[in-house]
Structures are given as C-alpha cells and as structure tokens.
Amino acid sequence: LSSDAVRQSYCMTDMRTYIPDMAPATMTAEELLLLSIPDKRVELVRGKLIVREPAGFAHGVVASRIAGRIGNFVDAAGLGVTFAAETGFTLERNPDTVRAPDAGFVHRDRVPNPLPRGYAEFAPDLAVEILSPDDRPGEVLTKIGDWLRAGTRLVWIVDPIRRTARVYRADGTEALLSPEESLDGEDVLPGFSLPLSAIL
C-alpha cells in the first residue's frame with residue numbers, strides 16, 4: 001500500500017457492502033447516527049452506507065491492546081483523549097463520510113468542550129486500523145486516503161496475520177515495520193513506542 005496508491009485511491013468506492021432496504025440511496029451523518037442495525041459495523045462513505053460483520057476475536061484483542069497502551073501513555077502525560085473502536089468521525093460533508101477507526105488519539109487542544117454527543121466534526125490526530133482477513137486492498141487504501149485528506153497526521157495499519165504494520169504520514173511518507181520493530185508516536189505522540197511483538 002504505497003503512498004502513490006493511497007493518493008490515487010481517494011475516490012475509490014469498491015467496497016464490500018450490504019445496504020438494508022430501509023436505507024436511502026444517499027445518507028447524511030445525522031441519519032447514520034439514528035440508524036440502528038444490530039450486531040453490525042457501519043460507516044458512511046460519500047453518502048453510501050457501508051455495513052460489515054463484527055470484527056473477529058483476534059482483531060478485537062489486537063485493537064484492545066493498542067488502545068490500552070496508547071490510553072495509558074496519553075493519560076499519564078495529559079496529552080488528550082484516546083478513543084476505542086467504532087467511534088465515528090465526520091470527515092466530509094455533501095456527501096457525508098463518517099469513518100470509525102479501531103483506535104486513535106485526539107490532542108487535548110482539539111478536544112471539544114463539551115464532548116459532542118454525535119460524531120466529531122474533524123479527523124483524529126492518529127487513526128489505527130487493524131486488518132481483517134477479508135479486507136480488500138482497495139478499500140483499505142480508500143480508508144487511509146480519507147483519514148489523511150481530512151487531516152489525520154498519522155495512520156497505522158496493523159496486519160495481525162503477517163505480524164507487520166505500515167505507517168502513513170500527512171506529508172506523504174510511509175514506512176513498513178517488521179515484526180521486530182515498533183510503532184512510534186513521532187510528533188503526534190512524542191516519546192511513545194509500541195513494539196509489534198507486544199500486541200501481535
């Protein structure tokens with residue numbers, strides 16, 4: 001998943017979808033917030049509803065480990081807020097895009113007061129995505145592109161099967177991490193380091 005491929009895929013919409021009969025052809029973020037589809041994961045991509053099955057057990061374990069490590073670091077230093085899986089962020093309007101990463105971070109200077117009850121109207125500083133076995137490269141690239149275009153400064157794509165990770169940055173650079181290397185918070189979470197061996 002190179003940076004060139006990410007940039008070229010910003011407008012890709014080839015995604016595995018299931019759209020219930022009651023869903024309108026185009027939805028808004030507000031309509032998505034009111035929609036109830038039990039036991040499913042939902043996102044909105046340029047007005048189109050994306051519905052997926054719940055993540056598997058291994059996926060959930062890895063996501064929890066990452067969110068826990070980030071949360072402990074962030075809380076100890078008072079850096080901001082860490083959020084768990086399925087927290088929605090409105091990244092685009094007209095048509096609307098709402099994405100929900102597996103974990104992430106927002107710096108304290110950007111945290112609204114009071115906290116919004118609906119989706120945040122901005123992108124997180126860090127977005128973490130855990131790959132599932134059925135994830136298609138095209139849809140992963142689209143998601144990375146949506147995060148970066150909306151202002152996310154650092155995106156981590158963690159692959160539990162290959163025990164690797166890819167790092168995508170706002171400046172267009174990227175890095176592939178081997179199982180022996182560590183995720184680095186860089187200028188988003190200065191001083192934070194998480195060995196892949198500790199989460200995979």
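The values are calculated or read from the model by the stated rules, or taken from the named source; none is laboratory data. Computed from a predicted model, the values in this text were never measured in an experiment. Here the Cβ positions follow ideal geometry from the backbone for every residue, glycine too, while neighbour counts run over all protein chains shown. For accessibility, only protein heavy atoms count, side chains too; no ligands or nucleic acids. Shrake-Rupley method; radii C 1.70, N 1.55, O 1.52, S 1.80 Å.
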> Is it true that some residue in the stretch 56-64 is farther than 30 Å from SER193 by Cβ and modelled with pLDDT under 95?
Replying inline: no
> Is it the case that the stretch 172-193 has a residue that's of a type in the set (A, V, I, L, M, F, W, C), more than 17 Å from ARG69 (Cβ to Cβ) and in contact with a Lys or Arg (Cβ under 9 Å, 6 or more places away or on another chain)?
Replying inline: yes
> Got a sec? Which of LEU148, LEU189 is in contact (Cβ under 8 Å) with a residue 24 or more places away in the chain, within 15 Å of ASP125 (Cβ to Cβ), open to solvent by less than 70 Å² (accessible area, probe 1.4 Å) and not in a loop (DSSP other than H, G, I, E, B)?
Replying inline: LEU148
> Which residues, taken from the stretch 77-95, are at pLDDT 95 or above, of a type in the set (D, E, K, R) and assigned to a loop (DSSP other than H, G, I, E, B)?
Replying inline: ARG93
> Here are some residues: VAL74, VAL98, VAL106. Which one is closer than 30 Å to SER197 by Cβ, assigned to a strand (DSSP E or B) and at pLDDT 95 or above?
Replying inline: VAL106
>> I'd like to know if the stretch 21-37 contains one or more residues that are assigned to a loop (DSSP other than H, G, I, E, B), acidic (Asp, Glu) and within 30 Å of PRO195 (Cα to Cα).
In response: no
> Which pairs do you get when a residue that is closer than 14 Å to GLU30 by Cβ, found in the stretch 113-127, comes within reach of a residue that is open to solvent by 60 Å² or more (accessible area, probe 1.4 Å) and of a type outside the set (Asp, Glu), reach meaning Cβ atoms under 6 angstrom, with the pair 6+ apart or on two chains?
Replying inline: GLY118/LEU33
>> Return the pair list, or none, for Cβ contacts closer than 8 Å from residues in the stretch 75-94 that are touching a residue at least 60 places away in the same chain (Cβ under 8 Å) to residues that are among the aromatic types (Phe, Trp, Tyr) and crowded, with 20+ Cβ neighbours inside 10 Å, at least 6 apart or on different chains.
In response: LEU79/PHE105; PHE89/TYR119; THR90/TYR119
